[in-house]
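Here is the structure we will look at, set down as structure tokens.
The values are calculated or read from the model by the stated rules, or taken from the named source; none is laboratory data. If you're wondering where the values come from, they're calculated on a predicted model, not measured in any experiment. Cβ placement follows ideal geometry from the backbone for every residue including glycine, while neighbour counts extend to all protein chains displayed. Just so you know, the surface numbers come from the protein's heavy atoms only, side chains and all, with ligands and any DNA or RNA stripped out. Shrake-Rupley method; radii C 1.70, N 1.55, O 1.52, S 1.80 Å.
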Amino acid sequence: MTDPVRVGVVGAGSIAVRGILPHLAQPDLADRVSLAAVCDPVPGRAEAAAEKFGVAQAFTTYEELLASGDVDAVTIASPIGLHYEQGRLALEAGKHVHFNKTMTVTVAEATELIDLAAARDLRIVASPGEMLRPHHVRTRELIAEGAIGTLSWVSCGAAFGTYHENESVRGGSDVLSNIDPSWYFRKPGGGPMYDMTVYSLHTVTGILGPARRVTAMSGVRVPTRSFGGRSVETDADDNTALLIDFGDNLFCVATGTSAGTMTGGMGGAFYGTDGTINGLLLNGEPFDFPGRNPAETHARGPLNQALLPHVTGHTGRSRNSTCTRT
């Protein structure tokens with residue numbers, strides 16, 4: 001039996017406190033994962049997270065975690081604009097890396113990290129892993145089988161709304177419940193495209209293959225947000241419409257917007273000459289796929305967390321209750 005992977009959690013913000021830490025702290029993961037370290041630059045936050053979730057060590061700086069954290073791998077849950085530099089430092093320190101979405105803000109940065117990991121025989125993986133969801137695999141099969149005739153076009157997307165201002169970790173009085181969301185609205189790495197529409201893009205490219213061409217209109221629609229009685233300037237685009245060409249005149253409209261959403265949402269709606277696949281429904285009726293529970297037409301939350309076949313037991317219940325949206 002192999003030893004558990006010693007994981008360092010980089011950042012004790014919203015995604016870590018609501019999802020990563022409670023998920024990895026579940027007892028049915030103890031034989032595979034050890035929560036070895038956590039770091040966060042906010043004074044006291046890493047220590048509070050370590051105490052709450054049973055993490056062995058807490059650090060204020062990322063460099064301290066890499067040097068003294070006794071970790072085999074890191075899961076990077078910091079603001080997206082930091083991911084490239086933190087990923088590079090981890091690989092240079094000999095650590096495997098999991099990037100919470102999105103991996104980097106440019107293709108060149110991603111390519112550099114992929115090449116560096118290969119050169120050092122290290123593993124990197126980036127969320128979201130949408131094609132791990134069996135209904136997405138089955139959607140790809142249904143389209144290939146002609147279940148909806150000739151696929152014509154696809155719609156998908158997501159929106160901020162006031163989601164990040166109103167999360168459960170925002171309005172409290174301690175370091176684990178008063179987490180500042182300002183970075184979501186700032187460059188680099190802020191905005192709904194990097195934070196939310198990335199789920200849609202992973203899904204659609206996983207089902208249809210790589211894009212051939214992309215064009216877009218993009219800009220800031222809500223110039224000022226409010227948090228904790230102060231104004232937060234929005235300089236990252238929060239209103240983007242993409243037109244994606246998959247070849248042979250098959251198109252997708254994808255949105256990352258300040259409000260509203262496209263039909264299909266994060267999972268996409270696929271329109272054919274003989275029908276439509278929208279989420280878990282084929283022509284309005286549930287379709288079968290491995291692990292489907294007929295009692296659940298919509299499987300707990302917008303990302304269908306209940307349909308991850310490897311997330312079971314205490315771990316599955318923790319993930320579904322604490323992190324229906326990451």
Output yes when any residue across segment 225-232 is farther than 24 Å from P181 by Cβ and either part of a strand (DSSP E or B) or at pLDDT below 95 (or both), and no when none is. no
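Can you tell me how many residues in segment 242-255 are in contact with a strand residue (DSSP E or B) (Cβ under 8 Å, 6 or more places away or on another chain) and open to solvent by 40 Å² or more (accessible area, probe 1.4 Å)? So that I can check it myself, show each step before the final result.
Going residue by residue through segment 242-255, those that are in contact with a strand residue (DSSP E or B) (Cβ under 8 Å, 6 or more places away or on another chain) are 242-246, 250-255.
Still in the running and open to solvent by 40 Å² or more (accessible area, probe 1.4 Å): 243, 251, 253.
Selection size over segment 242-255: 3.
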Would you mind telling me which numbered condition in (1) in a loop (DSSP other than H, G, I, E, B); (2) open to solvent by 10 Å² or more (accessible area, probe 1.4 Å); (3) in contact with a strand residue (DSSP E or B) (Cβ under 9 Å, 6 or more places away or on another chain) P43 fails? (3)
Flagged in segment 54-86 as part of a helix (DSSP H, G or I), hydrophobic (A, V, I, L, M, F, W, C), open to solvent by 10 Å² or more (accessible area, probe 1.4 Å) and closer than 25 Å to Y184 by Cα, in numbering order, are L82
Collect the residues in segment 265-295 that are open to solvent by less than 40 Å² (accessible area, probe 1.4 Å), within 19 Å of A144 (Cα to Cα) and in a loop (DSSP other than H, G, I, E, B), keeping them in residue-number order. G267, G268, G279, L280, F287, F289
Flag for W183 being under 30 Å from K52 (Cβ atoms) and open to solvent by 60 Å² or more (accessible area, probe 1.4 Å): yes
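What number of residues in segment 94-112 are within 14 Å of D195 (Cα to Cα) and touching a residue at least 40 places away in the same chain (Cβ under 8 Å)?
So in segment 94-112, the residues within 14 Å of D195 (Cα to Cα) come out as 99-105.
Okay, now just the ones that are also touching a residue at least 40 places away in the same chain (Cβ under 8 Å), so 100-102, 105.
Of the residues in segment 94-112, 4 are within 14 Å of D195 (Cα to Cα) and touching a residue at least 40 places away in the same chain (Cβ under 8 Å).
For S218, are the conditions met, namely being open to solvent by 50 Å² or more (accessible area, probe 1.4 Å), touching a strand residue (DSSP E or B) at 6+ places or on another chain (Cβ under 9 Å) and within 26 Å of G44 (Cα to Cα)?
Details: open to solvent by 50 Å² or more (accessible area, probe 1.4 Å): yes; touching a strand residue (DSSP E or B) at 6+ places or on another chain (Cβ under 9 Å): yes; within 26 Å of G44 (Cα to Cα): no.
So S218 does not fit the description; no.
Taking the options P41, P4, P22, P27, name whichever one is under 26 Å from R186 (Cα atoms) and not charged (D, E, K, R). Please lay out each step first, then the result.
Numbers: P4 fails: under 26 Å from R186 (Cα atoms); P22 fails: under 26 Å from R186 (Cα atoms); P27 fails: under 26 Å from R186 (Cα atoms).
When all the criteria are applied, what remains is P41.
So which residues in segment 117-176 are among the aliphatic types (A, V, I, L, M), part of a strand (DSSP E or B) and buried (at least 18 other Cβ atoms within 10 Å of the Cβ), if there are any at all?
Once the filter is applied, which keeps residues that are among the aliphatic types (A, V, I, L, M), part of a strand (DSSP E or B) and buried (at least 18 other Cβ atoms within 10 Å of the Cβ), segment 117-176 yields I124, A126, L151, V154, A158, A159.
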Restrict the check to segment 91-108 and report whether at least one residue is closer than 29 Å to D3 by Cβ, surrounded by fewer than 19 Cβ atoms within 10 Å (Cβ to Cβ), in contact with a Phe, Trp or Tyr (Cβ under 8 Å, 6 or more places away or on another chain) and not charged (D, E, K, R). no
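Return yes or no: is P41 over 15 Å from A73 (Cα atoms) and in contact (Cβ under 8 Å) with a residue 60 or more places away in the chain? Show your work before the answer.
Working: over 15 Å from A73 (Cα atoms): yes; in contact (Cβ under 8 Å) with a residue 60 or more places away in the chain: no.
Spelling it out, it is not the case that P41 is over 15 Å from A73 (Cα atoms) and in contact (Cβ under 8 Å) with a residue 60 or more places away in the chain.
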